[in-house]
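The values are calculated or read from the model by the stated rules, or taken from the named source; none is laboratory data. Every value quoted in this text rests on a predicted model; they were computed, and no experiment measured them. Every residue, glycine among them, receives a Cβ derived from its backbone with ideal geometry; neighbour counts consider all protein chains shown. Accessible surface areas use protein heavy atoms only, side chains included; no ligands, DNA or RNA. Shrake-Rupley method; radii C 1.70, N 1.55, O 1.52, S 1.80 Å.
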Amino acid sequence: MALTVTLLNSAYLCGRCCSHKVLHPLLGPLLNDSMSKLYSSYRRPGSQPEKKPSWENTDFSFKKGINFLKSQLNMLKEETKDYLIGPGGYPLSQYLLEQTKVLWEFRSQEDLNKWVISSDVEIGGKSEVYLKLGRNNQAALLYGTLNTEVPRDGETKYSGYCSMRAKPPVGSFARKKYYDWSNFNSLYLRVRGDGRPWMVNIYTDPYFSHQKDDLYSYFMFTRGGPYWEEIKIPFSKFFLSSRGRVQDQQHPVWLDKISTLGFTIGDKVDGPFQLEIDFIGLLNDRAHTEEFAYETYEKV
């Protein structure tokens, strides 16, 4: 038993030592899942721990590693081509004159696979959320039922939320990538809702570890009815929060390090909801000159 624990600890330390090396992405498909489950610190109250170690189910396949290496080299080749052309793979002249840009549109199942949905089921709640293509495959339909009943685990105090979030971009060899929206000043959406309010969330990659929970948010009010509506939200309106608390010290969104974007409903009203999204894009509105909508305080 002691020998087994020693081997597991050495494998874990080896994985951590290789995390900053180029070859770590090759071992990622083989080790990351098992290690993350084996050393996970969170378990929902009332749930039973796994009796069988997850590393026993790991498939150490040499063929998978070779195929993964080939795919990553091809991805690196394409990234190098785009980098030599210009920002985002476009010539610099075209990039500077760009006024609008569509980031996400929903026309196929492949477009839906770029997003993930979640709800309070993760903490023991009873809300339900689903995502599918709308009528004629022309939009994404996010629907479900909100339930604010608090799970009886003795720890959770609040419940009742559903969300949809885009998967963060990933480069070759599992490198983090970011969206650069610094050439635009507004978020532009075409949606059709049921009259319930939503929260639009922008996630950025922090410069420091204590900022990992920072979130920029703003409200999106849908009017309901059969008609589509086009919503423009300036980035200057987004306010900073961390772990659900609005921060006293506010600052604008870091538009050059955008990680992903998401939508959340949590208006404390039990019942069904739905939101159709045609596309999500960016807009450079020359008439909007506001830099930041909130007061900023200097540290004394």
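Points to keep in mind about this one:
- Residue match in the range 284-292 (condition: closer than 25 Å to F106 by Cβ, assigned to a strand (DSSP E or B), modelled with pLDDT under 95 and touching a strand residue (DSSP E or B) at 6+ places or on another chain (Cβ under 8 Å)): no
- Any hit, the range 175-190, residues being at pLDDT 95 or above and open to solvent by 20 Å² or more (accessible area, probe 1.4 Å): yes
- Taking every residue in the range 235-248 that is assigned to a strand (DSSP E or B) and pairing it with any residue that is among the hydrophobic types (A, V, I, L, M, F, W, C) and surrounded by 10 or more Cβ atoms within 10 Å (Cβ to Cβ), at least 6 positions away or on another chain, the pairs with Cβ-Cβ distances below 6 Å are S241/L215.
- Here N137 passes the criteria (1) on the phi > 0 side of the Ramachandran plot; (2) under 17 Å from the mean Cα position of the chain (by Cα) except the one numbered (2).
- Total residues in the range 124-138, condition assigned to a loop (DSSP other than H, G, I, E, B) and surrounded by 15 or more Cβ atoms within 10 Å (Cβ to Cβ): 5
- P252 being open to solvent by less than 70 Å² (accessible area, probe 1.4 Å), over 29 Å from Q99 (Cβ atoms) and either in a loop (DSSP other than H, G, I, E, B) or in contact with a Phe, Trp or Tyr (Cβ under 8 Å, 6 or more places away or on another chain) (or both): no
- Subset of the range 105-123 [outside any loop (DSSP other than H, G, I, E, B) and in contact with a Leu (Cβ under 8 Å, 6 or more places away or on another chain)]: Q109, L112, W115, I117
- Condition met for S186 (within 19 Å of N284 (Cα to Cα), in contact with a helix residue (DSSP H, G or I) (Cβ under 8 Å, 6 or more places away or on another chain) and of a type in the set (S, T, Y)): yes
- Residue satisfying all of: in the range 221-230; surrounded by fewer than 17 Cβ atoms within 10 Å (Cβ to Cβ) and not small (G, A, S); nearest to F279 (Cα to Cα) among these: E230
- The C-beta contact set for the range 272-300 (first residue over 28 Å from Y161 (Cβ atoms), second residue modelled with pLDDT of 90 or more and among the aliphatic types (A, V, I, L, M), distance under 9 angstrom, 6+ apart or interchain) comprises L283/L187.
- Across the range 139-173, the number of residues qualifying as aliphatic (A, V, I, L, M) and not in a strand (DSSP E or B) comes to 2.
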